[in-house]
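The values are calculated or read from the model by the stated rules, or taken from the named source; none is laboratory data. Note that the structure is a prediction, hence the values are computed from the model and not measured. FYI the Cβ positions are ideal-geometry reconstructions off the backbone, even for glycines, and counts take in every protein chain you see. Heads up: the accessible areas ignore ligands, DNA and RNA and are worked out on the full protein's heavy atoms, side chains in. Shrake-Rupley method; radii C 1.70, N 1.55, O 1.52, S 1.80 Å.
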Amino acid sequence: MNIAIMGAMVEEIEPLLAFFGKYETVEFAKNRYFLTSYKGLDLIIAYSKIGKVNASLTASTMIEKFGAQKLLFSGVAGAISSDLGIGDLIVATKLAQHDLDISAFGHPFGYVPEGSVYVESDENLRDIAYQVASEKGIALKSGIIATGDQFVCNSERKEWIGKTFDADALEMEGASVAVVCDSLNVPFFILRAISDGADHDAGMSFDEFLQSSAKISAEFVISMLDKMQP
Ligand code: ADE
């Protein structure tokens, strides 16, 4: 089985490359794809660069060019819910684009005709995550993740996103990956570890916790692979 593991920033996939050790590098469309195998699974690993457009290109490439049959996203997020602290893991049940706005035409935020506000992630992959969490005694939270092409460092904006989308965390790629995978019928899973509170301290907190939180998320995804043996 071909499984894609994707991050947005190099820090989000570095722990994966370090763990797998040996991989082949293929360049395509101004990006690099790292191919390796693990316990009978063929893995395609990449970081997309930040934002929805880059993430869409990478997810599409992993599926259409490299034949990914499932996609796991690993990375960091800003917390909206006060239940989420630095380093806590959240799995997205569904995702929405908080910066998609044609409300001028009477549509809800995050909606475009022939689309939907939310895209749901794959239930089987979420179940695997809950099994891993329970076996390892990890407190895995789940909730709605909102995505937009903005680094949110403003309490008002964060609260608006939380209220409008009932979202628990926010980041800059997940919902675009969700749209791509849903359109191409590829089961997907989005996991994020919290790096900041999306408030006025977010920039400093992000810089401080990017690496440690990215590692927490990446290690969890590696544990999931053990339950995805062919
Ligand atoms: N990813 C991690 N923290 C974030 C934030 N505050 N805004 C957007 N994306 C993020």
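Things to note:
- Each residue of region 198-215 was assigned a 3J(HN,Hα) from its phi angle through the Karplus expression (A = 6.51, B = -1.76, C = 1.60, θ = phi - 60°), giving 6, 10, 5, 8, 4, x, 5, 5, 4, 4, 6, 10, 3, 5, 5, 6, 4, 5 Hz with x at Gly and Pro.
- Considering only GLY197, ASN2, SER82, and ranking their Cα positions along the charge dipole of region 2-226 that arises from unit charges at the beta-carbon of Lys, Arg, Asp and Glu, the one farthest toward the positive end is ASN2.
- Rolling a 1.4 angstrom probe over the protein heavy atoms with all chains in place gives the chain an accessible area of 45 Å² per residue.
- The chain, relative contact order [Cα under 8 Å, separation at least 6], %: 28 percent
- Percentage relative contact order, region 14-83, counting C-alpha pairs under 8 Å, at least six apart: 15 percent
- Rolling a 1.4 Å probe over the protein heavy atoms of the chain, with every protein chain left in place, gives an accessible area that is 49 percent carbon and sulfur.
- Hull volume in cubic angstrom per residue (convex hull over the Cα atoms of the chain): 113 Å³
- Residue-count net charge about SER116 - beta-carbon cut-off 12 Å; Lys, Arg +1, Asp, Glu -1: -2
- Accessible surface ranking for MET9, MET224, 1.4 angstrom probe, highest first: MET9, MET224.
- Taking amide H positions as modeled 1.01 Å from N, with prolines and chain starts lacking one, the residues under 5 Å from GLY148 and 5 or more places away or on another chain are HIS98, GLU171, MET172, GLU173.
- All other residues whose Cβ lies under 10 angstrom from that of ASP199 are scored, Lys and Arg at +1 and Asp and Glu at -1, for a net of -2.
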